[in-house]
Amino acid sequence: MEQNIILSKKSKTANGAVQLTGSKSECNRALVIEALSNGKVKVENISDAADTVTLAGILKSKVKSQKSKILTGGESEIENPKSEINIGPAGTAMRFLTAYFTLQDDEVILTGSERMKQRPIGVLVDALRQLGAHIEYEEKDGFPPLKIKGSFEQLTSKISIKGNISSQYITALLLIAARLPLGLELHIEGDLTSRPYVQMTLAMLEQAKIQHTWEGNVITISHQEFATTILPVEPDWSAASYWYSIAALADESELFLPGLTQYSLQGDSVITEIMANFGITSQFKDGGVYLQKEVKPIVRKIFDMKECPDLAQTVIVVCAALGHEATFTGLETLKIKETDRVKALQNELAKMGVKLIEKGQVYKLDCSEKFIPERIFINTYEDHRMAMAFAPLALLIPEVEFEDAKVVEKSYPAFWRDLEKIGFEVELKA
């Protein structure tokens, strides 16, 4: 049974320390690398995000299945030769596992939630088919569920993929590249969306001694072996963004986030630069980052979110709450996330009189009719980031109610508890 949650905060200050979970983005990549390395790579500080727990469970059961086959010399008793794997709403798991299972021995049906069946995957499937993979659509062409028959004979090493749709398609291909007999020469067509996520993938592969070249729009990874190594996972900068948002909306704020580093693999660490526009300073010391609020006029008017789309909701809500009529670009991929995030933002911001106006690929906030209600109800659209991006509004609005408290478990299960630790009042409602 779903429970709503009501958030409020009497004091308009935010002070304290918050220990964030491991990065979902880093951890999901590390887990696939670990699985592909045949035990040579180990992951430290595994995230407790629901998506990561799902992915880890699937990969772990797969490894057990392989070991069982080796021990018995035949078919596994743990897993049927053709099995259905349901990843629920875990989008990253869907993309990464689609590529991963093309290299495994078994035939699987990879499916997910109803929303997952509406999220396109045709670009990745087409690329894998070019390589020689055997993938069929079980229902609608271009969308999950997928029937994947593994252990294909590679037809080519050179493939092309559009760069402006989802960096996760590119990452899925790069993760399996070193295991391909002919390696991979990946040509990226057009502009690359979310470049930092691709850079993160390549950096983590390098930690496992998988070498690459990246010249122009071509990334090349030869067939090579993983080295024995440990991949440590940094705390999640995407999760940190909500604390930056809280600091920005508070009258006074001093927060400490342990474990975060100034030179991070995560592209969302750019939140330090973005939030500097709102008077939030970031000091890296004592093994983490200190956030401090300084009152200053907001000057920046244009925010390009192309390389950090997961920060878009956070930054847009902060601007709306402060009445800052900013312009946003690079939001194209938001429409194919857990929900259509552009439409969801438009719907929820309207509840406080703010419009997010779309003109082509440019979005502008109109705060001319903005008001602060006594109470607001936020629909979450089964999207964890909708809940967490709007949560800081409790510093301005006396009572904020959210649909489905458990929605945050996808990436940040301790979110509501952490809010309580720094003075927010949290009430579950049936």
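When you look at Asp383, is it over 22 Å from Gly88 (Cβ atoms), among the acidic types (Asp, Glu) and either touching a residue at least 24 places away in the same chain (Cβ under 8 Å) or buried (at least 17 other Cβ atoms within 10 Å of the Cβ) (or both), yes or no?
Here the answer is no, as Asp383 does not meet what is asked.
Return a yes/no flag: does the stretch 411-430 have any residue that is touching a strand residue (DSSP E or B) at 6+ places or on another chain (Cβ under 9 Å), in a strand (DSSP E or B), at negative phi and buried (at least 21 other Cβ atoms within 10 Å of the Cβ).
No, the conditions are met nowhere in the stretch 411-430.
Does at least one position in the stretch 102-119 carry a residue that is of a type in the set (A, V, I, L, M, F, W, C), assigned to a loop (DSSP other than H, G, I, E, B) and either buried (at least 24 other Cβ atoms within 10 Å of the Cβ) or touching a Pro at 6+ places or on another chain (Cβ under 9 Å) (or both)? Let's see the steps before the verdict.
Let us first name the residues in the stretch 102-119 that are of a type in the set (A, V, I, L, M, F, W, C), namely 103, 108-110, 116.
Adding the requirement that they be assigned to a loop (DSSP other than H, G, I, E, B) leaves 103.
Now drop any that are not either buried (at least 24 other Cβ atoms within 10 Å of the Cβ) or touching a Pro at 6+ places or on another chain (Cβ under 9 Å) (or both), which leaves none.
No: the stretch 102-119 contains no residue that is of a type in the set (A, V, I, L, M, F, W, C), assigned to a loop (DSSP other than H, G, I, E, B) and either buried (at least 24 other Cβ atoms within 10 Å of the Cβ) or touching a Pro at 6+ places or on another chain (Cβ under 9 Å) (or both).
Restricting attention to the stretch 190-219, which residues are farther than 14 Å from Gln168 by Cβ and either β-branched (Val, Ile, Thr) or not assigned by TED's automatic domain parsing to the domain that holds Val32 (or both)?
Across the stretch 190-219, the qualifying residues are Ile210, Thr213, Val218, Ile219.
What's the number of the only condition in (1) among the hydroxyl-bearing types (Ser, Thr, Tyr); (2) under 30 Å from Asp251 (Cβ atoms); (3) part of a helix (DSSP H, G or I) that Thr54 fails to meet?
(2)
It is to be established whether one or more residues within the stretch 152-173 are touching a residue at least 40 places away in the same chain (Cβ under 8 Å), within 27 Å of Asn38 (Cα to Cα) and surrounded by fewer than 21 Cβ atoms within 10 Å (Cβ to Cβ).
Scanning the stretch 152-173 turns up at least one residue that is touching a residue at least 40 places away in the same chain (Cβ under 8 Å), within 27 Å of Asn38 (Cα to Cα) and surrounded by fewer than 21 Cβ atoms within 10 Å (Cβ to Cβ).
Scanning for something over 25 Å from the mean Cα position of the chain (by Cα) and on the phi > 0 side of the Ramachandran plot, does the stretch 317-326 turn up at least one residue? Even if it seems obvious, please write down each step before you answer.
Within the stretch 317-326, the subset over 25 Å from the mean Cα position of the chain (by Cα) is 322-325.
Then keep just the ones that are on the phi > 0 side of the Ramachandran plot; that gives 323.
The answer is yes; a qualifying residue exists.
So which of Gly287, Gly360 ends up being surrounded by fewer than 21 Cβ atoms within 10 Å (Cβ to Cβ), closer than 28 Å to Glu234 by Cα and among the small types (Gly, Ala, Ser)? Walk me through it before giving the result.
Numbers: Gly360 fails: closer than 28 Å to Glu234 by Cα.
Exactly one of Gly287, Gly360 is surrounded by fewer than 21 Cβ atoms within 10 Å (Cβ to Cβ), closer than 28 Å to Glu234 by Cα and among the small types (Gly, Ala, Ser), namely Gly287.
Report yes if Glu369 is exposed (fewer than 15 other Cβ atoms within 10 Å of the Cβ), more than 21 Å from Asp340 (Cβ to Cβ), without any contact (Cβ under 8 Å) to a residue 24 or more places away in the chain and more than 24 Å from the chain's Cα centre (by Cα), otherwise no.
For Glu369, the condition - exposed (fewer than 15 other Cβ atoms within 10 Å of the Cβ), more than 21 Å from Asp340 (Cβ to Cβ), without any contact (Cβ under 8 Å) to a residue 24 or more places away in the chain and more than 24 Å from the chain's Cα centre (by Cα) - is met.
Residue by residue, here is whether (1) under 25 Å from the mean Cα position of the chain (by Cα); (2) under 25 Å from Asp310 (Cα atoms) holds:
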{"site": "Gln130", "(1), (2)": "no, no"}
{"site": "Gly142", "(1), (2)": "yes, yes"}
{"site": "Leu146", "(1), (2)": "yes, no"}
{"site": "Glu153", "(1), (2)": "no, no"}
{"site": "Lys158", "(1), (2)": "no, no"}
{"site": "Ser167", "(1), (2)": "yes, yes"}
{"site": "Ala172", "(1), (2)": "yes, yes"}
{"site": "Ile176", "(1), (2)": "yes, yes"}
{"site": "Leu202", "(1), (2)": "yes, yes"}
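With respect to Gly73, determine if the residue is modelled with pLDDT under 95, under 30 Å from Val218 (Cβ atoms) and of a type outside the set (Phe, Trp, Tyr).
No.
In this structure, is Ala247 within 24 Å of Leu31 (Cβ to Cβ) and either surrounded by 21 or more Cβ atoms within 10 Å (Cβ to Cβ) or touching a helix residue (DSSP H, G or I) at 6+ places or on another chain (Cβ under 8 Å) (or both)?
In short, no.
Only residues that are over 24 Å from the mean Cα position of the chain (by Cα) and surrounded by fewer than 12 Cβ atoms within 10 Å (Cβ to Cβ): list them for the stretch 297-315, please.
The answer is Pro297, Val299.
Yes or no, residue by residue, for (1) under 29 Å from Gln266 (Cβ atoms); (2) at pLDDT 95 or above; (3) not acidic (Asp, Glu):
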position: Thr13; (1), (2), (3): yes, yes, yes
position: Gly16; (1), (2), (3): yes, yes, yes
position: Ala49; (1), (2), (3): yes, no, yes
position: Ser61; (1), (2), (3): yes, no, yes
position: Asn80; (1), (2), (3): no, no, yes
position: Pro89; (1), (2), (3): yes, no, yes
position: Arg95; (1), (2), (3): yes, yes, yes
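Taking the stated definitions as given, is Tyr137 of a type outside the set (Val, Ile, Thr), closer than 28 Å to Glu338 by Cβ and touching a helix residue (DSSP H, G or I) at 6+ places or on another chain (Cβ under 6 Å)? Steps first, answer last, please.
Details: of a type outside the set (Val, Ile, Thr): yes; closer than 28 Å to Glu338 by Cβ: yes; touching a helix residue (DSSP H, G or I) at 6+ places or on another chain (Cβ under 6 Å): no.
Spelling it out, it is not the case that Tyr137 is of a type outside the set (Val, Ile, Thr), closer than 28 Å to Glu338 by Cβ and touching a helix residue (DSSP H, G or I) at 6+ places or on another chain (Cβ under 6 Å).
Can you confirm whether the stretch 209-219 contains a residue that is aromatic (Phe, Trp, Tyr), modelled with pLDDT of 95 or more and surrounded by fewer than 21 Cβ atoms within 10 Å (Cβ to Cβ)? First the steps, then the outcome.
So the first thing to find is which residues in the stretch 209-219 are aromatic (Phe, Trp, Tyr), and the list is 214.
Pick out the ones that are also modelled with pLDDT of 95 or more and you get 214.
Checking which are surrounded by fewer than 21 Cβ atoms within 10 Å (Cβ to Cβ) leaves us with 214.
Yes, some residue in the stretch 209-219 is aromatic (Phe, Trp, Tyr), modelled with pLDDT of 95 or more and surrounded by fewer than 21 Cβ atoms within 10 Å (Cβ to Cβ).
The values are calculated or read from the model by the stated rules, or taken from the named source; none is laboratory data. Computed from a predicted model, the values in this text were never measured in an experiment. Please note: Cβ atoms are built from the backbone with ideal geometry, for glycine as well, and neighbour counts cover all protein chains shown.
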